[in-house]
1. For the stretch 79-235, what does the alpha-carbon gyration tensor say about shape, rounded, prolate or oblate, given a ≥ b ≥ c as the root eigenvalues, a/c under 1.5 as rounded, and a/b over b/c as prolate?
2. Between E213 and A46, 0.36 nm times their residue separation minus their Cα-Cα distance comes to what?
3. What residues qualify as long-range amide H neighbours of T229, i.e. H under 5 Å apart, gap of 5 or more or another chain, H built at 1.01 Å from N?
4. Convert 4 °C to kelvin, take the viscosity as 1.567 mPa s, use the Kirkwood radius over C-alpha pairs of the stretch 31-157 as Rh, and evaluate the Stokes-Einstein diffusion coefficient in µm²/s, rounded to a whole number.
5. State the antiparallel share, in %, of DSSP beta bridges confined to the stretch 203-355, rounding to the nearest 5.
6. At 222 nm, what helix-only mean residue ellipticity would the chain give, in deg cm²/dmol to the nearest 500, using -39500 (n - 2.57) for each DSSP H run of four or more?
7. Cα gyration tensor of the stretch 244-355, axes a ≥ b ≥ c as square roots of the eigenvalues: rounded (a/c below 1.5), prolate (a/b > b/c) or oblate?
8. Between the stretch 63-131 and the stretch 136-151, what's the alpha-carbon centroid distance in Å?
Amino acid sequence: MSATSIDEGKLEAFMGQAVTDMGAIISAPLMVIGEKLGLYRAMAHAGPLTAAEVAERSGAAERYVREWLGNQAAGGYVTYDPESDRYTLPDEQALALADEDSPFYLLGVYDLIASLYADEEKLLDAFKSGAGMGWHEHDHRLFRGTERFFRPGYRAHLVGEWIPALDGVQEKLERGARVADVGCGHGASTILMAEAFPNSEFFAFDYHAASIERAHEAAREAGVDQRITFAVDAAKEFPGHDYDLVCVFDCLHDMGDPVGAAAHVRETLADDGTWMIVEPFAGDSVQENLNPVGRIFYGASTVICTPASLDQEVGLALGAQAGQARLTEVLGEGGFTRVRRATETPFNLILEARP
């Protein structure tokens, strides 16, 4: 390739982006360390601190903390005052890094990311062969990381915004309804609904036995285990009937046969029941999804969602960026004639489906 064929400005811009990405990647394990050792919590709302003070407040070794702070300051996660040699975690960053109850908390995703490096060889094999890789085959950190990534958004939006956006559903739940949460994982979504609607009865299903075991524990810890029935069942096989509400949170696209799952949901719903489908936010074309959120979801889709679907029967492999139009086609093939976008967030599409 001749030198004259290279646009130096474009090359320079790309190299700048690549270096920024390198910095983000090398910082990921440092963020895990920052969470696990309480470094962010030690700095939250504490004002300017020296490296020694952060170390003392967190119980970590000062020399390591000093380097860690340099990385965090270079990335803009903390600020640095060279005159006082002190570092500050701004209150805005503290919402995302130090408060697990905040809707902006984001550190859970780094457990998820760490799990994927552990799965490298399996993913390489899948890429070469075209075979799937089941959810259950991943490193254990994926399951907890996924829960911690999605839970802040569910806590912020599920009860206050998503359910009220469904036609007549909130009133049913307040009076007392039968609710199925299919693909419940560690039960975060089920527990939030059970806490908010004490007159209703909840049934939570997931094919992954270890996740159901953890969901049981979480429900006991939250004091709602008496109103939730957990069971190990697949989306096309979960028991029950006359459900007033069936929910699937960020998992329909992971299913091998989402059409079959939709048909089974249709069979289990009450005549006036509602299916709430929460999916990653996506437009209907690749071009619409070429943005920072789409980049995250395409990444997750490549190494988690698509392999999971390909590991199952049918293996439709919708992917995490299927979009509303494609999802509506799937729901229609499963017997749902009325599908609408009830609401959305920058990270989620919330669809309401009725027979």
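Just so it is clear, none of the values below were taken in a lab; they were calculated from the coordinates. Just so you know, these numbers come straight off a predicted model, no measurement behind them. Heads up, the Cβs are rebuilt from the backbone with ideal geometry, glycines too, and the neighbour counts pull from every protein chain shown.
1. oblate
2. Taking E213 through A46 to full extension adds about 56.3 nm, to one decimal.
3. Residues meeting the amide H criterion: F202, F203, A204.
4. It diffuses with D of about 80 µm²/s by this estimate.
5. Restricted to the stretch 203-355, the bridges split so that about 55 percent are antiparallel.
6. -14000 deg cm²/dmol
7. oblate
8. That distance is 16 Å.
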